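Undergrad: Handing you a structure now.
The values are calculated or read from the model by the stated rules, or taken from the named source; none is laboratory data. Quick caveat: nothing in here was measured; it's all calculated off a predicted structure. Cβ coordinates were reconstructed from backbone atoms using ideal geometry, including for glycine residues, and neighbour counts include every protein chain displayed.
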Amino acid sequence: MEFGLSEDQRMLQDSLNGTLERVCPLERVRKAAEGGEAMADDVWTALTELGVPGMIVPEAQGGLGLALLDAALVSEMLGRHVAPVPFIATAVMAPAALMRAGSMAQQEEWLPKLASGEVVASVAIAEKVSGAREDAGVTASGGKLNGKAWFAMDFGEAGLFIVADMDGGLHLVKGDAKGLARVGLTRIDLTRSLGEWQFDDVEAEPLSGDTVGALNAMRDAGRIMLAADTLGTGWMMIDKAVAYAKERKQFGRVIGSFQAVKHMCAEMAAELEPCRSLVWYAAHAFDEMPEEGPLMAAHAKSLTSDVGRFVARTATEVHGGMGFTDLLGLHYWFKRIGLNRQLLGAPERVRREAAVMQGWAAD
Amino acid sequence: MDLAYGPEYEAFREEVRQFIAKHRKDAPERMRVARPDAEWKAWQQLLIENGYAARTIPTEYGGYGGEPDILKSRIIAEEFTAAGLPLGLANQGISMFVPTLLELGTPEQKQKWIEPTLKGEVVWCQGYSEPGSGSDLASLQTKATEDGDDFVINGQKIWTSTAKDADMIFCLVRTEPDAPKHQGISYLLFSMDTPGIEVRPLKTMTGAAEFNEVFFTDVRVPKNQIVGERGQGWFVANATLKHERGMLGDPNQAGTRLKEIVDLMQTETMDGQKLIENPLYRDRLVELQSRVYAMQFHGLRLLTAASKGEDPGIARLIVKLQGCEINHQLAALAIDALGELGVLYGKSPHLRAWGSWQSRYMFDLGLIIGGGTAQIQKNIISERGLDMPREPKPAKA
């Protein structure tokens, strides 16, 4: 029995942390966010050199062939450094769908390109996973797609789209397909891109394998990655709050010596640290204990979202007025946690699904 | 990450299961007792002989003499819990005093006390807290003054569970009144029959007297009944407190409680609707389930670290705070979901689960306060886990 990380996994996190400290400091994040960059190309290049886009892609298709837990460790580090790069859709959800429901030809065509980072894939499944709004929703007939898909993840520079239609079918759409219009959405968190696609008789290629399994896999893997991202983002906020409280003086002492402030920090750590074990377990279950995977992904996503919100506000409060300024940049972490919470099902919705999975509520 | 125990441990688990199947009939009906009767003593002896109690305590002191193996200990606990059987005597003598004596006692003390304590022949109570010394335990004022070969003890202890049933007490007293507070304390052992001791039950908000107050008036204790040196009692006691914190906030207890609430909410109805069909209570249930799972997996992580001899750092420090809080919230949910039925208590008609949700809800609050309050836990987490500065000492007037 060993519930923990291997030496290789610790090294993976350390090396990624080192790389991101170097290539993705706050100034770089700010430049990407303020400059409206769809992604920070230099950060993406550095991550590509480490094999990050191909984490879970099989080695035969040019990836690293690693487990979802390894991808969760990467996601945690990207959150820690609020890295303005695509990852969750292109490196985890899209490959997970292709590997489950793509034909050999589709896998051969796209997985190597995703693994090398040459193509970024965006995924739009919000209408099936977190609910359809207004006139959103895509219909498929005769190999053509019509309608709108909102909240596509890793949207910015995507060259490939995976979209779910309202019947649960999955389709591959090339970025330059005719009749496809892209509408970028402005969101609080400018470190990851979200968008809307509008389809007007767009030619698409269906994924013909186990699309139910593929959609569920995208939902669960995506939720686990968002939870891991919040874990990393939240811990960085705690680290920053503790460091600030040990420097900032008021009433002639560092504010970190006041119990009112210390206890805020202790509460954040006590709430967030158990989420780490839940994220690890959920990621491990996704690969190794598929019958537990969906429930554990739901728990990881909902608990980490709630704890993340608590950490985001509390860490900001520890920083006092400085935490409220743009100058300090703490808000990038605050907003990233906010985005993670809403995507692929906010906590109340996800908990209802968890109840359905256990027979505690009607579907 | 490998959640399988492997063949060696699965074989061990099978062994434990066979033992349970064979000896289930010998198990006492009551899960816990303050003073073991003959049946309980026999059960305890059977468990020790088979290595299911006193597992790592050397045979020369009446233990089983096994190598420490945290996974085997966990398997034993899992199987006995699953079978609903009591896992040996669980009292402060065994869980706290014996480990302390093993670490810091003289060979004579170990010889004299460990075996009868393990067998349930000698029952101990712990004399630490005082009315004026709770979180600031080191400020304790119970005095022991030298008189010939004896100490003469005067003062009062509080929160002394099992004092009414105990033969002996391990007790902190101030022997060096002029030394700094942490260096003036000694750890004494004496009989509860010593003249001058009065025990008064302390009734708590639950209505039961789970604790006592103990008063000392000119209690004479031979000076050699001390563990460690004079003035070293604080450090001896800290060895014991370390063992206590490990016991509080056990996530598996929360797991059992969660299952009970699920059963309750699936069977109990209101207006013809099962409680679990109420979306608000159900949402709270699932949220608490997330927290229970998180703490259970957190426990597995700590177990792995311990089995490798690694220090898990801050991960270890949060267990008491989080575990006790989750238990309290689980009881609160059960009460809320029951509506008016949730307030019934004692021997009331329509009582559910013997009124245990209310008594647990209240007793949990006691556990949040006891064994280091939630606020003291937060000091520990921030100071030792996050390396934040200690509260400065107030300036002398």
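Undergrad: Filter region B:76-92 down to residues that are under 26 Å from B:CYS125 (Cα atoms) and part of a loop (DSSP other than H, G, I, E, B), then give me how many there are.
TA: 7
Undergrad: Same structure again: Which of the following residues is part of a helix (DSSP H, G or I) and either within 8 Å of another protein chain (Cβ to nearest Cβ) or among the hydroxyl-bearing types (Ser, Thr, Tyr) (or both): B:LEU280, B:LEU302, B:LEU264, B:LEU285? Reasoning before the result, please.
TA: Values: B:LEU280 fails: either within 8 Å of another protein chain (Cβ to nearest Cβ) or among the hydroxyl-bearing types (Ser, Thr, Tyr) (or both); B:LEU302 fails: either within 8 Å of another protein chain (Cβ to nearest Cβ) or among the hydroxyl-bearing types (Ser, Thr, Tyr) (or both); B:LEU264 fails: either within 8 Å of another protein chain (Cβ to nearest Cβ) or among the hydroxyl-bearing types (Ser, Thr, Tyr) (or both).
Going through B:LEU280, B:LEU302, B:LEU264, B:LEU285 in turn, the sole match is B:LEU285.
Conditions tested, residue by residue: (1) at negative phi; (2) modelled with pLDDT under 95.
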| site | (1), (2) |
| --- | --- |
| A:VAL138 | yes, no |
| A:LEU145 | yes, no |
| A:ASP154 | no, no |
| A:GLY168 | no, yes |
| A:GLY175 | yes, yes |
| A:PHE199 | yes, no |
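Undergrad: Applying the selection to region B:198-210, what residues are at pLDDT 95 or above and in contact with a strand residue (DSSP E or B) (Cβ under 6 Å, 6 or more places away or on another chain)?
TA: B:GLU198, B:VAL199, B:ARG200, B:PRO201, B:LEU202
Undergrad: Of the numbered conditions (1) more than 22 Å from the chain's Cα centre (by Cα); (2) assigned to a strand (DSSP E or B), A:GLU109 satisfies every one except a single condition; which is it?
TA: Looking at each condition in turn, A:GLU109 falls short on (2).
Undergrad: Taking the condition of being surrounded by fewer than 20 Cβ atoms within 10 Å (Cβ to Cβ), closer than 19 Å to B:ALA163 by Cα and touching a Lys or Arg at 6+ places or on another chain (Cβ under 8 Å), how many residues in region B:95-127 meet it?
TA: The qualifying residues number 2.
Undergrad: Filter region B:223-254 down to residues that are at pLDDT 90 or above and in contact with an Asp or Glu (Cβ under 6 Å, 6 or more places away or on another chain) and give me whichever is nearest to B:HIS328 (Cα to Cα).
TA: B:GLY231
Undergrad: OK, next. Please enumerate the residues belonging to region B:101-135 that are of a type in the set (Ser, Thr, Tyr) and either more than 27 Å from B:LEU202 (Cβ to Cβ) or out of contact with any strand residue (DSSP E or B) (no Cβ under 7 Å at 6 or more places or on another chain) (or both). If you could, list the steps in order and put the result at the bottom.
TA: Applying the first criterion (of a type in the set (Ser, Thr, Tyr)) to region B:101-135 yields B:106, B:117, B:128-129, B:133, B:135.
Selection gives B:THR106, B:SER133, B:SER135.
Undergrad: Just name the residue that is nearest to the other protein chains (Cβ to nearest Cβ) out of those in region A:272-297 that are in a helix (DSSP H, G or I) and acidic (Asp, Glu).
TA: Residue satisfying both the conditions and the ranking: A:GLU273.
Undergrad: Which members of region B:13-66 meet the condition of being among the small types (Gly, Ala, Ser) and in contact with a Leu (Cβ under 7 Å, 6 or more places away or on another chain)?
TA: Hits for region B:13-66 are B:ALA27, B:ALA53, B:ALA54, B:GLY62, B:GLY63.
Undergrad: Now, a different point. Kindly provide the set of residues from region A:163-208 that are more than 12 Å from A:LEU145 (Cα to Cα) and crowded, with 18+ Cβ neighbours inside 10 Å, ordered by number.
TA: Within region A:163-208, A:ASP189, A:LEU190, A:THR191, A:ARG192, A:SER193, A:LEU194, A:GLY195, A:GLU196, A:LEU207 qualify.
Undergrad: If B:ARG35 satisfies all but one of (1) within 14 Å of another protein chain (Cβ to nearest Cβ); (2) basic (Lys, Arg); (3) under 17 Å from the mean Cα position of the chain (by Cα), what's the number of the condition it fails?
TA: (1)
Undergrad: Name the pairs whose Cβ atoms lie under 6 Å apart, with the first residue in region B:122-136 and on the phi > 0 side of the Ramachandran plot, the second part of a loop (DSSP other than H, G, I, E, B) and hydroxyl-bearing (Ser, Thr, Tyr), and 6 or more positions between them or separate chains?
TA: Note: no pairs meet the criteria.
Undergrad: Follow-up. Please state which one of A:ALA269, A:ALA355, A:ALA300 is part of a helix (DSSP H, G or I), facing chain B (nearest Cβ under 9 Å) and within 15 Å of the chain's Cα centre (by Cα).
TA: On inspection, the qualifying residue turns out to be A:ALA300.
Undergrad: Quick one: which residue in B:ALA332, B:ALA294 is surrounded by 23 or more Cβ atoms within 10 Å (Cβ to Cβ) and either more than 9 Å from every other protein chain (Cβ to nearest Cβ) or in contact with a Pro (Cβ under 7 Å, 6 or more places away or on another chain) (or both)? Working first, answer last.
TA: Details: B:ALA332 fails: surrounded by 23 or more Cβ atoms within 10 Å (Cβ to Cβ).
When all the criteria are applied, what remains is B:ALA294.
Undergrad: Sticking with this one: Looking at region A:198-214 only, could you name the residues that are among the hydrophobic types (A, V, I, L, M, F, W, C) and touching a Lys or Arg at 6+ places or on another chain (Cβ under 6 Å)?
TA: A:ALA214
Residue-by-condition table, conditions (1) surrounded by 24 or more Cβ atoms within 10 Å (Cβ to Cβ); (2) touching a residue at least 12 places away in the same chain (Cβ under 8 Å); (3) within 23 Å of A:GLN107 (Cα to Cα); (4) of a type in the set (S, T, N, Q):
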{"position": "A:THR48", "(1), (2), (3), (4)": "no, yes, yes, yes"}
{"position": "A:GLY51", "(1), (2), (3), (4)": "no, yes, yes, no"}
{"position": "A:MET55", "(1), (2), (3), (4)": "yes, yes, yes, no"}
{"position": "A:GLU59", "(1), (2), (3), (4)": "no, no, yes, no"}
{"position": "A:GLY63", "(1), (2), (3), (4)": "no, yes, yes, no"}
{"position": "A:HIS81", "(1), (2), (3), (4)": "yes, yes, no, no"}
{"position": "A:VAL85", "(1), (2), (3), (4)": "yes, yes, no, no"}
{"position": "A:ILE88", "(1), (2), (3), (4)": "yes, yes, yes, no"}
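Undergrad: Applying the selection to region B:369-389, what residues are in a helix (DSSP H, G or I) and either away from every other protein chain (no Cβ under 13 Å) or without any contact (Cβ under 8 Å) to a residue 24 or more places away in the chain (or both)? Spell out the reasoning first.
TA: Of all residues in region B:369-389, those in a helix (DSSP H, G or I) come to B:369, B:374-385.
Of everything in region B:369-389, those that are in a helix (DSSP H, G or I) and either away from every other protein chain (no Cβ under 13 Å) or without any contact (Cβ under 8 Å) to a residue 24 or more places away in the chain (or both) turn out to be B:ILE369, B:ASN379, B:SER382, B:GLU383.
Residue-by-condition table, conditions (1) touching a helix residue (DSSP H, G or I) at 6+ places or on another chain (Cβ under 7 Å); (2) more than 23 Å from A:ASP306 (Cβ to Cβ):
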position: B:THR206; (1), (2): yes, yes
position: B:GLY233; (1), (2): no, yes
position: B:ALA254; (1), (2): yes, no
position: B:ILE261; (1), (2): yes, no
position: B:MET270; (1), (2): yes, yes
position: B:TYR281; (1), (2): yes, no
position: B:GLU287; (1), (2): yes, no
position: B:ALA294; (1), (2): yes, no
position: B:HIS298; (1), (2): yes, no
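Undergrad: Same structure again: May I ask you to list the residues in region B:343-364 that are among the aliphatic types (A, V, I, L, M), free of Cβ contacts under 8 Å to residues at least 60 places away in the same chain and part of a helix (DSSP H, G or I)?
TA: The answer is B:VAL343, and nothing else.
Undergrad: Something else: Filter region A:1-29 down to residues that are among the aliphatic types (A, V, I, L, M) and assigned to a helix (DSSP H, G or I) and give me whichever is nearest to the other protein chains (Cβ to nearest Cβ).
TA: Looking at the filtered set, the residue picked out is A:LEU12.
Undergrad: A further question on this structure: Identify the single condition in (1) exposed (fewer than 14 other Cβ atoms within 10 Å of the Cβ); (2) under 20 Å from the mean Cα position of the chain (by Cα); (3) not in a loop (DSSP other than H, G, I, E, B) that B:GLU49 does not satisfy, given that it satisfies every other one.
TA: Going through the list (1) exposed (fewer than 14 other Cβ atoms within 10 Å of the Cβ); (2) under 20 Å from the mean Cα position of the chain (by Cα); (3) not in a loop (DSSP other than H, G, I, E, B), B:GLU49 breaks only (2).
Undergrad: Within region A:114-152, take every residue that is basic (Lys, Arg) and more than 20 Å from the chain's Cα centre (by Cα) and give me the one that is nearest to A:ALA46 (Cα to Cα).
TA: The qualifying residue nearest to A:ALA46 (Cα to Cα) is A:LYS148.
Undergrad: Which ones in region B:53-75 are in a helix (DSSP H, G or I), of a type in the set (D, E, K, R) and crowded, with 18+ Cβ neighbours inside 10 Å?
TA: First, the residues of region B:53-75 that are in a helix (DSSP H, G or I): B:59-61, B:70-75.
Next, from what is left, pick out any that are of a type in the set (D, E, K, R): B:60, B:72, B:74.
Scanning region B:53-75 gives B:LYS72, B:ARG74.
Undergrad: Give the residues of region A:245-263 that are at the interface with another protein chain (Cβ under 9 Å from one of its Cβ atoms) and outside any strand (DSSP E or B), sorted by residue number.
TA: If the condition is that a residue be at the interface with another protein chain (Cβ under 9 Å from one of its Cβ atoms) and outside any strand (DSSP E or B), then A:ALA245, A:LYS246, A:GLY256, A:SER257, A:PHE258, A:GLN259, A:VAL261, A:LYS262, A:HIS263 are the ones that fit.
Undergrad: While we're looking at this one, here's another question. Given the structure, is A:SER277 of a type in the set (Gly, Ala, Ser), modelled with pLDDT of 95 or more and surrounded by fewer than 22 Cβ atoms within 10 Å (Cβ to Cβ)?
TA: For A:SER277, the condition - of a type in the set (Gly, Ala, Ser), modelled with pLDDT of 95 or more and surrounded by fewer than 22 Cβ atoms within 10 Å (Cβ to Cβ) - is not met.
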